[in-house]
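The values are calculated or read from the model by the stated rules, or taken from the named source; none is laboratory data. None of these values were measured; they are calculated from a predicted model. Cβ: placed from backbone, ideal geometry, glycine included. Neighbour counts: every protein chain shown. Side chains are part of the model used for accessible areas, which takes the heavy atoms of the whole protein and leaves out ligands, DNA and RNA. Shrake-Rupley method; radii C 1.70, N 1.55, O 1.52, S 1.80 Å.
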Amino acid sequence: MMKAITFNINDLVRENVATLKPYSSARDEFKDFDKDMVFLDANENPFDNGVNRYPDPQQRDLKEVLAKQKRVYSGQILLGNGSDEVLDLIFRAFCEPKVDNIITLPPTYGMYKVLAATNDVENREVLLSKDFEPRVEETLNMANKNSKLLFLCSPNNPTGNSFSAVCIQRLLNGFNGLVVIDEAYIDFAENESWVSKLSDYPNLIVTQTLSKAYGLAGIRLGICYASKEIIAILNKIKAPYNVNELTQQRALERIADMSAVRKEVSKIIKEREGLVKALQEVNFIEEIFPTDANFVLARVDDANKRYEQLVQKGVVVRNRSTQPLCEQTLRFTVGTPEENKRLINALKEIV
Ligand SMILES: *Cc1c(COP(=O)(O)O)cnc(C)c1O
């Protein structure tokens, strides 16, 4: 089912953002690089070292490749310094401090809450169900006219599961603000990305990242897919050169070799399955949760104790016990075959 066509993004954008005139950089004002031109407009050092020029503020080459890959228009893409920057831009564009609110569904990624606090925006929390699915009615009932954003992390961090498509669809149809689906782990999942549904839902924003499956956490590249209207609004407030030249180059190189990316992803998924099997043999592990991501969440008898014992054996995992519904849980990231062996051996020695 498609979203009612009554949706109007201009009803959601902050007034100061709607009226602001964006900064226009030298590279915005003149970009016909094909001609034989001398660029004396941006106060750069003219001596070529590969990065003496400002980067393309619109990252056109990178967007063109991504647009083809994801079957969207370049105008439906915004790139940022990690998805964390992208998420912050979404807050700043749509959430009026002290007035608006967002809805998050814990246990989930901690940045939504931190960004809400930094932007002085109320964070309304609705716990996931026991099997870590969104509770649709409760979530929609939590919304009022100032609810601008609903964050759905699918596959969810730290639980690992993807949310059911039916739940997500009901939320997209029932929520009057923007629904942000954080797909940081989508490449490890079997279900299809919601990017393919952008034309059905004018209130949908999908974020992805090169930090996980693509193995480029160090370059900081986050991606936002949405309608052209939403992207145009975010573009008004982003810093002109928010994605640096080195990042753009490394991202292009990596995306040009998708078979290498896919190979690593399938290795990680295979390792994940082996890890789940091995965890099932560990006597202090009580429950292993289904995962569509590159990590496994498991409930143990005593998370603090097991965490410390693993550290003693040289293996650092994440204790997620402070998160609601995640009492006594550890989150294991899938490593290389050698790293996973070390983890499994350490777990066996503890037993
Ligand atoms: C790791 C992660 C990200 C990635 O953020 P970047 O800033 O792109 O590195 C985003 N969302 C979730 C849920 C994550 O776990």
Using alpha carbon centroids, what distance separates the stretch 303-351 and the stretch 18-70, in Å?
45
Kyte-Doolittle cut-off -0.5, length cut-off 24 Å along the helix's own axis using Cα: show which whole DSSP H helices in the chain pass.
258-280
Taking amide H positions as placed in the peptide plane 1.01 Å from N, state which residues far from Leu152 in sequence (5 or more) or on other chains have amide H under 5 Å from it.
Val180, Ile181, Asp182
Given the Cα atoms of the stretch 11-85, and with Rh set as the inverse mean 1/r over their pairs in the Kirkwood sense, what is Rg to Rh to two decimals?
1.03
Of the accessible area of the stretch 147-219, computed with a 1.4 Å probe and all protein chains kept, carbon and sulfur make up a percent value of 48
Taking the mean number of other Cβ atoms within 10 Å as a proxy for protection, how do you rank 19-29, 153-163, 283-293 from highest to lowest?
153-163, 283-293, 19-29
Simple spin-label estimate for Met258 and Ala18 in nanometres, 7 Å along Cα-Cβ:
3.9
Check which residues have an amide H placed less than 5 Å from Ile288's amide H, if you skip close sequence neighbours.
Arg299
For the chain, percent of DSSP beta bridges that are antiparallel (nearest 5) comes out at 55
Starting from the Cα of Asp120, step 7 Å along the direction of its Cβ; do the same at Lys35; then give the gap between the two resulting points in nm.
4.7
Tell me the Kirkwood hydrodynamic radius of the stretch 171-328 in angstroms, computed as one over the mean inverse distance between distinct C-alpha pairs.
18.6
Per residue of the stretch 191-208, what does 6.51 cos²θ - 1.76 cosθ + 1.60 with θ = phi - 60° give for ³J(HN,Hα)? Whole Hz please, x for Gly and Pro, Karplus curve as stated.
5, 6, 5, 6, 4, 6, 9, 4, 6, 7, 10, x, 9, 9, 10, 10, 10, 9
List Glu281, Glu192, Glu85, Glu125, ordered by accessible area with a 1.4 Å probe, largest first
Glu281, Glu192, Glu125, Glu85
I'd like the Kirkwood hydrodynamic radius of the stretch 279-351, using the inverse of the mean 1/r over distinct C-alpha pairs, in Å.
12.2
Can you pull the three principal axis extents for the Cα set of the chain, in Å, largest first?
69, 51, 34
Pairwise label distance in nanometres, Asn283 with Asp28, each label 7 Å out on the Cα-Cβ vector:
6.6
For each pair in Lys113/Lys305; Lys267/Lys313; Lys31/Lys98; Lys197/Lys238, compute the distance between the two Cα atoms and list the pairs where it is over 30 Å.
Lys31/Lys98
Could you sort 226-235, 38-47 so that the peptide with the highest average Cβ count within 10 Å comes first and the rest follow in order?
226-235, 38-47
In Å², what does the accessible area per residue of the stretch 196-270 work out to with a 1.4 Å probe?
42
For the stretch 71-128, what D do you get in µm² per second when you plug the Kirkwood radius from alpha-carbon pairs into Stokes-Einstein at 4 °C and 1.567 mPa s?
104
Work out from phi, with θ = phi - 60° and the Karplus expression 6.51 cos²θ - 1.76 cosθ + 1.60, the ³J(HN,Hα) of each residue of the stretch 100-109, listed in order in whole Hz, and give x for Gly and Pro.
7, 9, 10, 10, 10, 10, x, x, 8, 4
